[in-house]
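Read through the structure below, which is laid out as structure tokens, and then see the notes.
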């Protein structure tokens, strides 16, 4: 099976490389073309523009860094729209908001193409290991055709319905994650101030009904006030905020998420936005430097 | 090794039985003595009063249903205090508040005995399987002597320091658990109202960094509005409240726990206090019957 | 002084009438022209379209019901833009969001006109009595020219700076008002459930440092579960939400406003959105009918 | 009419002095007897112990600084209990918790005396001017007899029912006050960060439906980061906490009060507990020094 692949950032490179190793023929494009070399060594072809990749391949996958990049690759000169047409499919695996996704979807469909949004849960390591979770939505037939690709990239893929539902599912999951992180931060701080060892709390938690990979992974670093940005706090806060907006739209009252959002916002105001979202622990502890950066 | 065992409720029976199976000689007592028979068949002796059990055994374990029972067994006529003395150890594994625990501890020590509080995390099944988590605090030497018992009853035991820290650790863990349950409830409701399948949300959560036994166990039942009381909501709310009081004492601000507490309180006011604490989902959904039972 | 006046709803009619009584020559327009008659009897002239009003008058005031109407009157055929030009001023006293206001401002200025946004605080009675509070922003020179008009309509007018600041000031005030209403609701409910008379609470409040017109006006009706919509709950919630968005933009953490927002949202989900915003009391009491209208 | 008066602190002295000026015969006692001199000059008699005051006077009023002092004056040697008896009334106007009040009440009644709790709202100036608000509860007959005293001391007195309701009413009022202060703090901060003048916000608020003496009094000082302790933050937080406990007892969910409580707690953790409760503004602004004093 031949696929196009647009975007060779950390995630995109790992994913395209994995496809090559599993026997797919892959034509890659990246804004900085030099980044394609490593993949060419692994057997990839190069497409000089997104349009040329789409022209060559029946199915093209995109993995861009943000909504602006996702839009640019489609709508700009030499972009996807110039060559998309009936019989061709476009699968955007970037994490974008529902609005961006709808905009791209409509444009692709207007040209006769079919579209699937497929944001993923998981970072570099799961991408290399084919352990992503894929939250797809849009064209069901395209989903079924592209399943062999998803099977190589992810440990599980979901088809969630019309375009927008992939983005929305990610928001809901991240909202829960944000509240759990706040819950852990409060617990660690309460343990510490009341004479219990935070590390022992982590040990106890890990043995019980609340045991989860996130606490296990981030807890020990938090105790040492280390917050290497796996998922930057400002992005986590944005997702909680968007989830609250979604709740507003549907009149869902979510006081825990709202309180978490304010805690993350507080963290931003203390200049912690670029650290990992676990840095909200500094806010709970009250040890963030005073001040008010945005 | 010979031990006394006071209290043969669901938990106590499972624990005493397990000790017998692992070669301990056990002298049991229960308020309703007939409940001892099953254990006698398994090889236990009977002590006719708590005092007689303590008289006979160097180490006596208690597993009572609540603080009132825990106090009664120690302080009432024919109680533990009448026979406890230097060289004897008393291990209370009941879940009681720190104040009750301190009261018992002081009385035991005044008589020359040594004391260990050792509340557990886990219910019937883990008790039968020796998979409890044991949060002990008090006399370190007694802890070390009694470790062979804990090794049979639990998958892990902790020694946390002076009396009260076992109870406190349970509060912190339950506070986190309460906030996580609220986070899940909000997520399930948001998914549902915004056109996503709550079951799919559970599936996605279970594959990612937030995956935990509680979501897996309770989530599907919540979707069906079923809340069999494994841990009654009114007890969970009480624990969150006590954790907030502990935070008040140490000036720890915990807005997420506070919001969770109010949600559980709301659930109580709608008459859901005796259901499982996952019934807070009914409050998030707004489907609890109106009204205001305490 | 001659002014144009667009929009003769409850507020607009009271304001235009007041201007006539104070010696201004007023040319009125309303979408339903029959509504102009009453004012013609009081001495007003009629303009048949917004464009014709602007053509005739150096200064035109608008008081429309919502952003859509405010935009339509300016941008539609026969609208303000067709006749606005250098030397003419347009004062929009409607309550609109900052974005709408900016859009109108830019269009007016592009045509050479000058623009002032001037949303008001106060309803029908203050409008009739010239007791409005006017929160203006935009063209300072126009503000100074139009002051005689503001002096007749309001008890106090503010000039707050560039366009958008009028709208923003209203949001901040309404956010505070929303939190105060929640605080009152919680207090009334706590009084009631703990055996104190809610009416006595109102009496005590009214004598002390927290005494304010809103508690005095709405409190007694709330006790009787009456919520005639002076300011609909759904609009109040929208304003709190927008204030929270403004806070997000500037990284201001506002947990009380966030909790208030969720309470108002809950009220919406129980179908109370069209009642007065004091109906949030029903949510605190838990007496809103279960269900989930948006 | 002759009355005894125990406690000549700031409040007590102003109140006793006012009674003398209005023709009451007053026998005063104070722990530091020298403080009585000023009142003797105004015509007061001295009682050398609380017991002697009660022996001499049919009605004795107490105005002590805290629960410990209130208890000591009644229960200690030479205390009120030694002389209270049938036909005598004891009116405690100190601000104490419901439990302390009940303890005193029971002891007085057991001796045959009658009891009234009558905490006041208002500080030094209102005490001097007879403008206190008196929240009394307990013996209705005693209330009616003592009304001439209350009429001189307060602008309004309430009889609220059984002992404890006076204390409780104060809690509810202070809870509302605490939430209002948080609402104002958030508004001032949002105004400031979004380019509006906080002083102008105060001006606008003062003209509208939310206008209240507290905003007017404390707002301008807050803008200048001045928090002279009229009502210390740690006491305000304690009252909000006790109100939440009262809510817990009656299953009243109060998310806004809960969020306010956490904000005040945060302020305590940053060492602001002895400043005025308006210092919570520093927490909203994020300008409190980091650190974690209790």
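In table form, for the structure just shown:
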| quantity | calculated |
| --- | --- |
| Total residues in the range A:21-40, condition modelled with pLDDT of 95 or more, assigned to a helix (DSSP H, G or I) and crowded, with 19+ Cβ neighbours inside 10 Å | 1 |
| Test: residue in the range C:250-273 that is within 11 Å of chain D (Cβ to nearest Cβ), closer than 20 Å to residue D:190 by Cβ and surrounded by fewer than 24 Cβ atoms within 10 Å (Cβ to Cβ) | yes |
| Residue list for the range B:155-169, filter: on the phi < 0 side of the Ramachandran plot and at the interface with chain A (Cβ under 9 Å from one of its Cβ atoms) | B:155, B:156, B:158, B:160, B:162, B:165, B:168, B:169 |
| Criterion violated by residue B:289 - all others in (1) surrounded by fewer than 17 Cβ atoms within 10 Å (Cβ to Cβ); (2) within 26 Å of residue A:261 (Cα to Cα); (3) at the interface with another protein chain (Cβ under 7 Å from one of its Cβ atoms) satisfied | (2) |
| Residues within the range D:131-145 that are farther than 15 Å from residue D:62 by Cα and within 15 Å of the chain's Cα centre (by Cα), tallied | 3 |
| One residue from A:231, A:215 being modelled with pLDDT of 95 or more and within 23 Å of residue B:211 (Cα to Cα) | A:215 |
| Strands (runs of 3 or more DSSP E) wholly inside the range A:41-137 containing at least 2 residues that are in contact with a strand residue (DSSP E or B) (Cβ under 6 Å, 6 or more places away or on another chain) and under 16 Å from residue A:167 (Cα atoms) | A:89-92, A:114-117 |
| Which listed residue is closer than 25 Å to residue C:196 by Cα and in contact (Cβ under 8 Å) with a residue 60 or more places away in the chain, from D:105, D:94 | D:94 |
| Exclusive hit being within 25 Å of the chain's Cα centre (by Cα) and within 24 Å of residue C:126 (Cβ to Cβ), set C:11, C:1 | C:11 |
| Residue ID - nearest to residue C:198 (Cα to Cα), chosen from residues in the range D:161-184 that are without any contact (Cβ under 8 Å) to a residue 40 or more places away in the chain and surrounded by fewer than 24 Cβ atoms within 10 Å (Cβ to Cβ) | D:161 |
| Top-ranked residue in the range B:116-130 [being farther than 19 Å from residue B:101 by Cα and under 16 Å from the mean Cα position of the chain (by Cα); ranked as surrounded by the most Cβ atoms within 10 Å (Cβ to Cβ)] | B:127 |
| Test: residue in the range A:187-195 that is within 20 Å of residue B:219 (Cβ to Cβ), in a helix (DSSP H, G or I) and either touching a helix residue (DSSP H, G or I) at 6+ places or on another chain (Cβ under 7 Å) or within 7 Å of chain B (Cβ to nearest Cβ) (or both) | no |
| Conditions (1) modelled with pLDDT of 95 or more; (2) more than 23 Å from the chain's Cα centre (by Cα): number failed by residue A:179 | (2) |
| Selected residue (criterion: farthest from residue D:207 (Cα to Cα)) from residues of the range C:196-214 that are under 23 Å from the mean Cα position of the chain (by Cα) and in a helix (DSSP H, G or I) | C:214 |
| Residues satisfying the stated conditions in the range C:196-219, i.e. at the interface with chain D (Cβ under 7 Å from one of its Cβ atoms) and buried (at least 17 other Cβ atoms within 10 Å of the Cβ) | C:196, C:200, C:201, C:204, C:205, C:207, C:208, C:209, C:210, C:212, C:214 |
| Condition met for residue B:143 (in contact with a strand residue (DSSP E or B) (Cβ under 7 Å, 6 or more places away or on another chain) and farther than 21 Å from residue B:69 by Cα) | yes |
| Test for residue D:183: is it at the interface with chain C (Cβ under 10 Å from one of its Cβ atoms) and outside any helix (DSSP H, G or I) | no |
| Unique match (being farther than 26 Å from residue B:19 by Cβ and touching a helix residue (DSSP H, G or I) at 6+ places or on another chain (Cβ under 7 Å)) among B:201, B:160, B:153 | B:201 |
| Pairs with Cβ under 6 Å, 6+ apart, first in the range A:185-201 and in the same structural domain as residue A:279 (by TED's automatic domain parsing), second part of a loop (DSSP other than H, G, I, E, B) | A:186/B:254; A:189/B:252; A:190/B:252; A:193/B:250; A:193/B:252; A:194/B:250 |
| Search result, residues across the range D:102-120 that are under 14 Å from residue D:171 (Cα atoms) and in contact with a helix residue (DSSP H, G or I) (Cβ under 7 Å, 6 or more places away or on another chain) | D:118, D:119 |
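Every residue, every condition in (1) touching a residue at least 60 places away in the same chain (Cβ under 8 Å); (2) touching a helix residue (DSSP H, G or I) at 6+ places or on another chain (Cβ under 9 Å); (3) not assigned by TED's automatic domain parsing to the domain that holds residue D:91, yes or no:
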position: D:18; (1), (2), (3): yes, yes, no
position: D:21; (1), (2), (3): no, yes, no
position: D:27; (1), (2), (3): no, yes, no
position: D:31; (1), (2), (3): no, yes, no
position: D:40; (1), (2), (3): no, no, no
position: D:49; (1), (2), (3): no, yes, no
position: D:62; (1), (2), (3): no, yes, no
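The values are calculated or read from the model by the stated rules, or taken from the named source; none is laboratory data. A quick note: this is a predicted structure, and the numbers were derived from the prediction, not measured. Cβ sites come from the backbone with ideal geometry, for glycine too, and all protein chains shown count toward neighbours.
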